[in-house]
Amino acid sequence: MRILIVEDEAKIAHSLQKGLRQESYAVDVALTGSEGLSLAMSEPYDLLVLDIMLPDIDGLEITQQVRKHTPQTPILMLTAKAQLDDIVKGLRHGADDYLTKPFAFEELLARVHALLRRPAGFLPNLLSIDNLTLDTNTFEIKRGDNTIQLSQKEFALLEYLMRNPNKILTKDQIIAHVWDYEADVLPNTVEVYIGYLRNKIDKPFKKNSKALIQTVRGFGYKISD
């Protein structure tokens, strides 16, 4: 899952980026409104976290523009303005949720999880394909009764595959949703991480279970039962 943070206070922005990356999200940061709007309109984000008071273009204007372009993208607004009128204004401009500064990271994380579970793009916490399960709350992956340990990036890749079962995903789609905008990722990197997953998800269980991760030559990869 890929998140964009638009926040002009660099310390806050990079702190949030670090915390969300530890939760296996791919996270980009923009420190100005114009940069944030450009990224939001050109990259496929699953969630936007926007400060309202930004240089050049404020969060309200970004929200209005994004709503015209990708109306279902969840938006969480951050602001030091805690008055009811400010909250109502933010929601009327198209925000899905509103968090006032200062805030605890745990609260922001809970709101992120809640927004990503909303029906418009409903994302269940427990994913399953055949006898493979992945829990996005506990980060537990099991195949049958066997627990599987994955790195953060392996987890993010498996989650993206499992949220799109039986669907062919190109390398470009995988890179766009699993890696940050600034990450130096080549198409071969996807092949390498698919190999890592196969070594942990499929190969140890090939005697009793079929392979779930498949290569569709000339197109990409898919996971299916």
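The values are calculated or read from the model by the stated rules, or taken from the named source; none is laboratory data. No experiment lies behind these values; they were computed from the predicted model shown. Cβ coordinates were reconstructed from backbone atoms using ideal geometry, including for glycine residues, and neighbour counts include every protein chain displayed.
Between Leu161, Leu134, which is under 14 Å from the mean Cα position of the chain (by Cα) and surrounded by 14 or more Cβ atoms within 10 Å (Cβ to Cβ)?
Leu161
Output yes when any residue across the range 36-43 is in a helix (DSSP H, G or I), under 25 Å from Asn164 (Cα atoms) and among the hydroxyl-bearing types (Ser, Thr, Tyr), and no when none is.
yes
Taking the range 140-189 as the search range and keeping residues that are part of a loop (DSSP other than H, G, I, E, B) and in contact with a Ser or Thr (Cβ under 7 Å, 6 or more places away or on another chain), which one is farthest from Ile5 (Cα to Cα)?
That would be Asn166.
Which residues, taken from the range 13-35, are crowded, with 17+ Cβ neighbours inside 10 Å, out of contact with any helix residue (DSSP H, G or I) (no Cβ under 8 Å at 6 or more places or on another chain) and either hydrophobic (A, V, I, L, M, F, W, C) or part of a loop (DSSP other than H, G, I, E, B) (or both)?
Ala13
For the range 179-186, check the following and say yes or no: at least one residue is more than 20 Å from Ile75 (Cβ to Cβ) and surrounded by 14 or more Cβ atoms within 10 Å (Cβ to Cβ).
yes
Could you tell me which of the residues Ser15, Ser42, Ser34 is under 18 Å from His177 (Cα atoms) and at pLDDT 85 or above?
So the residue among Ser15, Ser42, Ser34 that is under 18 Å from His177 (Cα atoms) and at pLDDT 85 or above is Ser42.
List the number of the failed condition for Tyr98; all other conditions in (1) of a type in the set (Ser, Thr, Tyr); (2) at pLDDT 90 or above; (3) in contact with a helix residue (DSSP H, G or I) (Cβ under 6 Å, 6 or more places away or on another chain) hold.
(2)
Give me a count of the residues in the range 167-225 that are more than 23 Å from the chain's Cα centre (by Cα) and among the β-branched types (Val, Ile, Thr).
Summing the residues that are more than 23 Å from the chain's Cα centre (by Cα) and among the β-branched types (Val, Ile, Thr) in the range 167-225 gives 2.
Find all pairs meeting these conditions: Cβ atoms under 8 angstrom apart; at least six residues apart or on different chains; first residue within the range 205-220 and closer than 15 Å to Gly195 by Cα; second residue in a strand (DSSP E or B) and among the hydroxyl-bearing types (Ser, Thr, Tyr).
Filtered contacts from the range 205-220: Ile213/Tyr221; Gln214/Tyr221; Thr215/Tyr221.
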